[in-house]
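The values are calculated or read from the model by the stated rules, or taken from the named source; none is laboratory data. What you are looking at is a predicted structure, and each value in this text was computed from that prediction instead of being measured. FYI the Cβ positions are ideal-geometry reconstructions off the backbone, even for glycines, and counts take in every protein chain you see. Remember, those area values only see protein heavy atoms, side chains included, never the ligands or the DNA or RNA. Shrake-Rupley method; radii C 1.70, N 1.55, O 1.52, S 1.80 Å.
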Protein chains: 2
Amino acid sequence: MPPPPASRSRKAQLIDRTATALFRARGFAATSMRELATELGLEAGSLYSHIKSKEEILHRVCFGLAEEFFAGFGAATADAAAPLAAQLRQAIEAHVRVLTRDSAASAVFLHEWRHLSEPARTEFLALRDRYEAGFRELIRRGIAAGELHAPDAAFAALTLLASLNWLPAWYRPEGKLTPNEIAHRLAEQLMRGLAAGAA
Amino acid sequence: MPPPPASRSRKAQLIDRTATALFRARGFAATSMRELATELGLEAGSLYSHIKSKEEILHRVCFGLAEEFFAGFGAATADAAAPLAAQLRQAIEAHVRVLTRDSAASAVFLHEWRHLSEPARTEFLALRDRYEAGFRELIRRGIAAGELHAPDAAFAALTLLASLNWLPAWYRPEGKLTPNEIAHRLAEQLMRGLAAGAA
DNA sequence: TCTCATTGCTAACACTCGTTAGCAGGCCTA
DNA sequence: TAGGCCTGCTAACGAGTGTTAGCAATGAGA
């Protein structure tokens, strides 16, 4: 007896993963269901035994990844007594780990959410805003506590996340840096820019 | 008698600008010629009195902006005798000025080039690589000269451009910061992260 | 052995896509 | 006044879109 099946069947998960790779490579709108089916060795109509619609896949990818980002941030800031700079560093590394664990899904999360139709699109943007606000608050409090330095917390949060979110554009799993090394280096360099007491 | 017309007619330029805004908002693949025509108060077929194809517009936007970026970088590094940190700062500000002068075209340049068909796509990527290499070299030489500090020049160039290129995602022309103020702040913050002699 | 759900197929529907052909009216120039 | 370009229209082309209906084969559980 196999282990109790995940909430979604193996096949459905495979469809999601393959679709994600295509969405990343060609974009959501430019990816056809027939292309996706061919990639899976199926006919287009057969996909609909497993999924409800094309957009449903995009929805699952975008909101699934949002959940992962929030989980990482939550873990990084769980110890509210820790120094804010340390919490921020952990949050950065957690963010990078999600990005590297599934860079295709991350790229879709970052660029293809525009093709969600309402109300999912608005919902998604609210989630994203909330996540960014988490970083902004961390930096703001870090500055107030004298642990960090930046002329504008919102500005700093924006450029920080920007640096991180470019990662799926160049990250290659087979590259010579491991995800952990990348996370560490990125955190190191970005924390340097925010360190208190620089010239 | 009006001044000698630009190489492209006023109308053709208007089509390009309107198309760019749509490409940015909906993506190239999801923007239809009929939508574009409606936006201009025309019928779809009428567009073809002014343009050759949908992709031709994308081509013009992508390569036109590439030219602007190179021009800015060239001007910023024209004085080879200037300190490398100063050259880098100027290059950053030039980059930001191009991004803010036409943020719609910039967004298209950054995200929609994938829909160029070969050989334009490969050509475009070569240009982009060459531009990134310019920044990389500037940073590399700055480190060698002791003016800058970073564990890895390529890494630093990547995150630097990433921070800048996120700008079209949040920049609003009617915001309270002027393009020059944004350029200055961004340069300030990013140069801080690369300053020599930090802890 | 008889269900019954699963999985996939074929064929088709109702559009939408980018693009072209052919034509009409307006305007400048000769 | 005649000719010709410029601009825009309508209508249509062939191809491709996401999705659905209906059916066949399979394999597991009663």
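Points to keep in mind about this one:
- Members of the stretch A:131-142 found to be touching a residue at least 12 places away in the same chain (Cβ under 8 Å) and either within 13 Å of another protein chain (Cβ to nearest Cβ) or hydrophobic (A, V, I, L, M, F, W, C) (or both), listed by number: A:GLU132, A:PHE135, A:ARG136, A:LEU138, A:ILE139
- Restricting attention to the stretch A:60-72 and to residues that are more than 14 Å from A:ALA120 (Cβ to Cβ) and of a type in the set (Gly, Ala, Ser), the residue that is farthest from DNA strand C (Cβ to nearest atom) turns out to be A:GLY72.
- Test for B:GLU93: is it assigned by TED's automatic domain parsing to the domain that holds B:LEU164 and open to solvent by 60 Å² or more (accessible area, probe 1.4 Å): no
Yes or no, residue by residue, for (1) modelled with pLDDT under 95; (2) part of a helix (DSSP H, G or I); (3) hydroxyl-bearing (Ser, Thr, Tyr):
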site: A:ALA12; (1), (2), (3): yes, yes, no
site: A:THR18; (1), (2), (3): no, yes, yes
site: A:ARG34; (1), (2), (3): no, yes, no
site: A:LEU42; (1), (2), (3): yes, no, no
site: A:ILE51; (1), (2), (3): yes, no, no
site: A:GLU56; (1), (2), (3): no, yes, no
site: A:GLU67; (1), (2), (3): no, yes, no
site: A:ALA71; (1), (2), (3): no, yes, no
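Yes/no per residue for (1) polar (S, T, N, Q); (2) within 21 Å of B:PHE28 (Cα to Cα):
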residue	(1), (2)
A:ALA21	no, yes
A:SER32	yes, yes
A:THR38	yes, no
A:ILE57	no, yes
A:VAL61	no, no
A:GLU67	no, no
A:ALA81	no, no
A:THR100	yes, no
A:SER106	yes, yes
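- Residues in the stretch A:84-116 that are within 14 Å of another protein chain (Cβ to nearest Cβ), under 17 Å from A:LEU167 (Cβ atoms) and not in a helix (DSSP H, G or I): A:GLU112 alone.
- Some residue of the stretch B:143-150 being more than 19 Å from the chain's Cα centre (by Cα), farther than 12 Å from B:ARG89 by Cβ and in contact (Cβ under 8 Å) with a residue 60 or more places away in the chain: yes
- If only residues of the stretch B:24-38 that are within 12 Å of DNA strand D (Cβ to nearest atom) and either closer than 23 Å to B:ARG172 by Cβ or polar (S, T, N, Q) (or both) are counted, the one that is surrounded by the most Cβ atoms within 10 Å (Cβ to Cβ) is B:ALA30.
- Looking at A:GLY197, A:GLY146, A:GLY193, A:GLY175, just one residue is modelled with pLDDT of 85 or more and either surrounded by fewer than 20 Cβ atoms within 10 Å (Cβ to Cβ) or within 11 Å of chain B (Cβ to nearest Cβ) (or both), and that residue is A:GLY146.
- Residue count for the stretch B:155-171, restricted to those that are of a type in the set (A, V, I, L, M) and more than 10 Å from chain A (Cβ to nearest Cβ): 1
- Single condition B:ILE57 does not satisfy, out of (1) within 13 Å of DNA strand C (Cβ to nearest atom); (2) open to solvent by less than 30 Å² (accessible area, probe 1.4 Å); (3) more than 24 Å from the chain's Cα centre (by Cα): (3)
- Of all the criteria given as (1) surrounded by 18 or more Cβ atoms within 10 Å (Cβ to Cβ); (2) over 18 Å from A:ALA104 (Cβ atoms), the one not satisfied by A:ILE51 is (2).
- Residues located in the stretch A:44-72, provided they are more than 8 Å from DNA strand D (Cβ to nearest atom) and among the acidic types (Asp, Glu): A:GLU67, A:GLU68
- B:LEU125 being crowded, with 19+ Cβ neighbours inside 10 Å and not charged (D, E, K, R): no
- Selection status of B:GLY27, in contact (Cβ under 8 Å) with a residue 24 or more places away in the chain, within 16 Å of DNA strand C (Cβ to nearest atom) and of a type in the set (Gly, Ala, Ser): yes
- Every residue from the stretch A:65-82 that is hydrophobic (A, V, I, L, M, F, W, C) and surrounded by fewer than 18 Cβ atoms within 10 Å (Cβ to Cβ): A:PHE70, A:ALA71, A:ALA75, A:ALA78, A:ALA80, A:ALA81, A:ALA82
- Subset of the stretch B:147-185 (residues that are within 12 Å of B:THR100 (Cβ to Cβ) and of a type in the set (S, T, N, Q)): B:THR178, B:ASN180
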